[in-house]
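J.: Encoded as structure tokens, here's the structure I'll be asking about.
The values are calculated or read from the model by the stated rules, or taken from the named source; none is laboratory data. Being a predicted model, the structure only gives us computed values, none of them experimental. Cβ placement follows ideal geometry from the backbone for every residue including glycine, while neighbour counts extend to all protein chains displayed.
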Amino acid sequence: MKLEDIKVCILRIEGTNCETESYQAFERLGAKPEMVHLKQLTGQDVRESEKRSITDYQILMIPGGFSSGDYVRAGAIFAARMKTKLAAPMEEFIREGRAVLGVCNGFQVLVEMGFLPGIDGIMSPVPQAVLSTNDSSRFECRPTLLKYENNYNCIFTQKIKSGQVLLIPSAHAEGKLLFPHDRAEQIYRQLEDNDQIVFRYVDPNGEYAGYPWNPNGSPHNIAGICNPSGNVMGMMPHPERVFHRYTHPDWTRGFGSEIGDGRAIFESVLDHISKKF
């Protein structure tokens, strides 16, 4: 498939606020993104000409923000609305090897829907995890350093070097990835064994560290995971915000390239999809 033929659904509802940057990241690389309201996929209260099908797209991205005000739990209402109408189409979408990316609030939505961590099938009937309140009990907006620790199982990171440390900013109040207490260590081992851990928070020396390097207190410093097949990824930091080097907080310090650390994530998935379809 040619790059210009790859269609990307940037899904939004009331409260999402990172859809423009997400759209631009894919558009700048030559793909065909489209901002799509959830009602266009469910067919609810829209004209016939506005309706869309999830199968129209090869990539689905759920961007960051505060969908539905993050009432109940972060991402819970967005996830419930999707699950009501789109559970079966989404499962088929993932089974076919199409790509799903959830960033920040999007990661929370994928966890609430049961698509991540995905160790009990494509979609679990109830959430297997939660992105809980930060240890600081406040919204954390800061540059974060992420170490790439996947062995190239994840289709979103094929163009990132093993062990590479990326500067990708975080902006969230609920980013602490937790699993049921009685199964937590077992699930962490499964994630390791399945090569599902994609990014971990590190300090400037590339070592695991606590706050502020780990902005939320996530155990094992986990910042991003994928499903066992590698085509669904969720991460708390925002790669779309550092597509260009000049949006890095240290952009004036002698860098010779305009390429930001987040760009490789979008390049990787587009390259994979172009070869697969």
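J.: Output the residues belonging to region 1-52 that are part of a helix (DSSP H, G or I), closer than 21 Å to MET90 by Cβ and of a type in the set (Val, Ile, Thr).
T.: THR42
J.: Yes or no: ARG12 among the basic types (Lys, Arg), surrounded by 17 or more Cβ atoms within 10 Å (Cβ to Cβ) and in contact (Cβ under 8 Å) with a residue 12 or more places away in the chain?
T.: yes
J.: Pairs under 8 Å by beta carbon, first residue of a type in the set (Lys, Arg) in region 45-61, partner part of a loop (DSSP other than H, G, I, E, B), six or more apart or different chains?
T.: LYS51/GLY43
J.: Of the residues SER124, SER137, only one is without any contact (Cβ under 8 Å) to a residue 24 or more places away in the chain, crowded, with 16+ Cβ neighbours inside 10 Å and part of a loop (DSSP other than H, G, I, E, B); which?
T.: SER124
J.: Being among the charged types (D, E, K, R) and either crowded, with 20+ Cβ neighbours inside 10 Å or in a helix (DSSP H, G or I) (or both) is true for just one of ARG189, ARG253. Which residue is that?
T.: ARG189
J.: With respect to GLU267, determine if the residue is touching a Pro at 6+ places or on another chain (Cβ under 8 Å), in contact (Cβ under 8 Å) with a residue 60 or more places away in the chain and assigned to a helix (DSSP H, G or I).
T.: No, not satisfied.
J.: Could you tell me whether ALA79 is crowded, with 20+ Cβ neighbours inside 10 Å, within 19 Å of PRO237 (Cα to Cα) and either among the hydrophobic types (A, V, I, L, M, F, W, C) or in contact (Cβ under 8 Å) with a residue 40 or more places away in the chain (or both)?
T.: Against the criterion (crowded, with 20+ Cβ neighbours inside 10 Å, within 19 Å of PRO237 (Cα to Cα) and either among the hydrophobic types (A, V, I, L, M, F, W, C) or in contact (Cβ under 8 Å) with a residue 40 or more places away in the chain (or both)), ALA79 does not qualify.
J.: Answer yes if at least one residue in region 172-189 is at pLDDT 95 or above, in contact with a Lys or Arg (Cβ under 9 Å, 6 or more places away or on another chain) and not aromatic (Phe, Trp, Tyr), and no otherwise.
T.: Yes: one or more hits.
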